[in-house]
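Chemist: Quick one: this structure, given as structure tokens, is what I'll be asking you about.
The values are calculated or read from the model by the stated rules, or taken from the named source; none is laboratory data. Model, not experiment: these values are computed from the prediction. Don't worry about glycine lacking a Cβ; one is built from the backbone with ideal geometry, like all the others, and counts go over all protein chains shown.
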Amino acid sequence: MNFKPSWKLPKKLARSAQFLLSGGALVVLTSCSTENISGMGFPKNVSSVNDISLPLWQGAWITAGVVGIFTAILILWPAFRHRRKGDEVPKQTQYNIPVEIAYTLIPFIIVAVLFYFTAVKESAITKVSADAKISHTIDVNGMQWSWQFTYKDNPAAATITGTPAKPPVLVIPKGERVRFNITSTDVVHGFWIPAFMIQMQNLPGVKNHLEFTANKIGSYPGRCNILCGRAHSQMLFTVKVVSPSAYQKYISNLKAA
């Protein structure tokens, strides 16, 4: 027995859907400028990580929007065009092989493309540079329930330790690359600066590394984003981006104290 589909999308509607899909794929798969696209909830150009992550974030949302619109069309068109108009049972159909291949292959391609670009961006963000390219090194130690920052600038290190009642301030210079050595004293924590689109786990006995350059002077909230105990919500800190001269003055005062 041969079975045929009982309905087809109108040619104009099919062309519109094809245009939406191809347009979304073009935005995601090409390296066109994203300067005129919304940050989708994140600020632009505040750190070197934003420059890498933001296009991926924008492309993922655009792709989701295109897929959502196309899916809504596929749901609403048959619901309204072929709604029940009488007691007659509609023709029963099955096994539309091209359609089944399409709705299996298209999601696979979308996921594969997003996975590829995510892996490329992640590798760029977590890449460890040569020591000669690093201007400053800061140890970030997570502990229940606050943070400890150790500035490794020569000739001697200086440490600031926060408490839940008095969250610490992490001071970094604008325009200079900083390497963070991230670890934990007790349990797993999460070193998270939302505005910078940065998160790295603090693991006991393991030293993770993260490098970035802050691009804009200002203060940005930071927090632990992994449930680490009863005072997890109090594991806060502030990232303060200052000029290089102000940073050197801060380090000198910190060491003198």
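Chemist: From the list ALA246, ALA256, which residue is modelled with pLDDT under 90 and either more than 22 Å from ILE125 (Cα to Cα) or touching a Pro at 6+ places or on another chain (Cβ under 9 Å) (or both)?
Modeler: ALA256
Chemist: Right, another one. Among ILE110, ILE160, which is touching a Leu at 6+ places or on another chain (Cβ under 9 Å) and surrounded by 13 or more Cβ atoms within 10 Å (Cβ to Cβ)?
Modeler: Just one listed residue meets the conditions, ILE160.
Chemist: Take the residues of segment 89-114 that are of a type in the set (Phe, Trp, Tyr) and free of Cβ contacts under 8 Å to residues at least 24 places away in the same chain: which is nearest to ILE62 (Cα to Cα)?
Modeler: Checked segment 89-114; the qualifying residue nearest to ILE62 (Cα to Cα) is PHE108.
Chemist: I would also like to ask the following. Provide a single number: the residues in segment 109-157 that are more than 26 Å from SER243 (Cβ to Cβ) and in a loop (DSSP other than H, G, I, E, B).
Modeler: 4
Chemist: Pairs under 6 Å by beta carbon, first residue surrounded by fewer than 15 Cβ atoms within 10 Å (Cβ to Cβ) in segment 212-237, partner part of a strand (DSSP E or B), six or more apart or different chains?
Modeler: Listed by first residue and then by second, the contacts come to ILE217/LYS174; ILE217/VAL241; GLY218/VAL241; SER219/THR238; SER219/LYS240.
Chemist: Take the residues of segment 197-210 that are under 16 Å from the mean Cα position of the chain (by Cα) and part of a strand (DSSP E or B): which is surrounded by the fewest Cβ atoms within 10 Å (Cβ to Cβ)?
Modeler: My answer is GLN199.
Chemist: Using beta carbons and a limit of 6 Å, which pairs, at least six apart or on different chains, have the first residue in segment 43-63 and outside the structural domain of SER243 (by TED's automatic domain parsing) and touching a residue at least 12 places away in the same chain (Cβ under 8 Å) and the second one surrounded by 18 or more Cβ atoms within 10 Å (Cβ to Cβ) and of a type in the set (Phe, Trp, Tyr)?
Modeler: So the pair list comes out as SER47/PHE196; SER47/PHE212; SER48/PHE212; VAL49/PHE196; VAL49/PHE212.
Chemist: Go through segment 150-187 and count every residue that is closer than 18 Å to LEU210 by Cβ and without any contact (Cβ under 8 Å) to a residue 40 or more places away in the chain.
Modeler: Final tally of qualifying residues: 2.
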